[in-house]
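These notes are about the structure you will find just below.
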Amino acid sequence: MNNKIADKLAKRKKMFYMADVFYTIKAIGEHFLRLAGLFVILSPFLVSFPAYAATDIASDITLDTVWTLAGSPYIVRAKVNILAGKTLTIEPGVVVKFDTTHTYLMVWGTLKAEGTATKKIYFTSLRDDSIGGDTNGDGVATMPAVRDWFALYIQNSALVSLDNVVIRYAGGGSCDICNGAGVFGTGRVKISNS
């Protein structure tokens, strides 16, 4: 292959839309093979995980709010308070990712995260590409680990319902008595099928 073609391919980012998911493919090679609607790159290649549109969250929940499947994944970029008297409802199938060890949801009001057996709700690390795609856009450069984000922090006045919820890679932060916990606090919590 001549250098001009190789240079163009190395600089170009190809997007292929399929089944409501964008697959980002960075091609460094010359051969493509189409199988069952997917493009497979032959010879030297780098393929990232599916890239999804994301909704950034960096401010408190001050009104009754619904995080919809259409807006998923949600990226929590700060400590986010669900204020007393307010409700955050998370729809089945939603993925919530947390940016750093000091990002978490502090629940003073109500959190309803009620998934289904076929549409679980995930709370996980931003580095977790296996669910919600490569949201941080770094391919396989980073891997998720326990303590990547803090927790769902439940205050005395809070009411939390978690059904068909999966919590991954939590337990970060600097709390001596709560490290390692994905759900922490003293409010009223109902957990089922999780």
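The values are calculated or read from the model by the stated rules, or taken from the named source; none is laboratory data. None of the values given here were measured: they were computed from a predicted structure. Backbone-built Cβ (ideal geometry, glycine too); neighbour counts: all protein chains shown. Ligands, DNA and RNA are excluded from the accessible area calculation, which covers all protein heavy atoms including side chains. Shrake-Rupley method; radii C 1.70, N 1.55, O 1.52, S 1.80 Å.
Numbers below:
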quantity	calculated
Residue in segment 36-55 that is farther than 16 Å from Leu126 by Cα, part of a loop (DSSP other than H, G, I, E, B) and modelled with pLDDT of 50 or more present	no
Looking only at segment 83-129, and only at residues there that are over 15 Å from the mean Cα position of the chain (by Cα) and aliphatic (A, V, I, L, M), the one that is nearest to Ala54 (Cα to Cα)	Leu88
Residue that is surrounded by the fewest Cβ atoms within 10 Å (Cβ to Cβ), among those in segment 102-126 that are charged (D, E, K, R) and more than 15 Å from Ile167 (Cβ to Cβ)	Lys119
Condition met for Asp148 (acidic (Asp, Glu), under 29 Å from Asp64 (Cα atoms) and in a loop (DSSP other than H, G, I, E, B))	yes
Among the residues listed as Ala6, Ala19, the single one being of a type in the set (Gly, Ala, Ser), over 26 Å from Pro144 (Cβ atoms) and either open to solvent by 30 Å² or more (accessible area, probe 1.4 Å) or at pLDDT below 50 (or both)	Ala6
Test: residue in segment 136-153 that is small (Gly, Ala, Ser) and free of Cβ contacts under 8 Å to residues at least 12 places away in the same chain	yes
Hits in segment 87-100 (condition: among the polar types (S, T, N, Q) and open to solvent by 50 Å² or more (accessible area, probe 1.4 Å))	Thr100
Selection count where residues are in a loop (DSSP other than H, G, I, E, B) and not polar (S, T, N, Q), scope segment 97-125	8
Of residues in segment 147-174 being under 15 Å from the mean Cα position of the chain (by Cα) and of a type in the set (A, V, I, L, M), the one most open to solvent (accessible area, probe 1.4 Å)	Ile167
Filtered residues of segment 66-86 (kept if open to solvent by less than 40 Å² (accessible area, probe 1.4 Å) and not in a helix (DSSP H, G or I))	Trp67, Ser72, Pro73, Tyr74, Ile75, Val76, Ala78, Val80, Asn81, Ile82
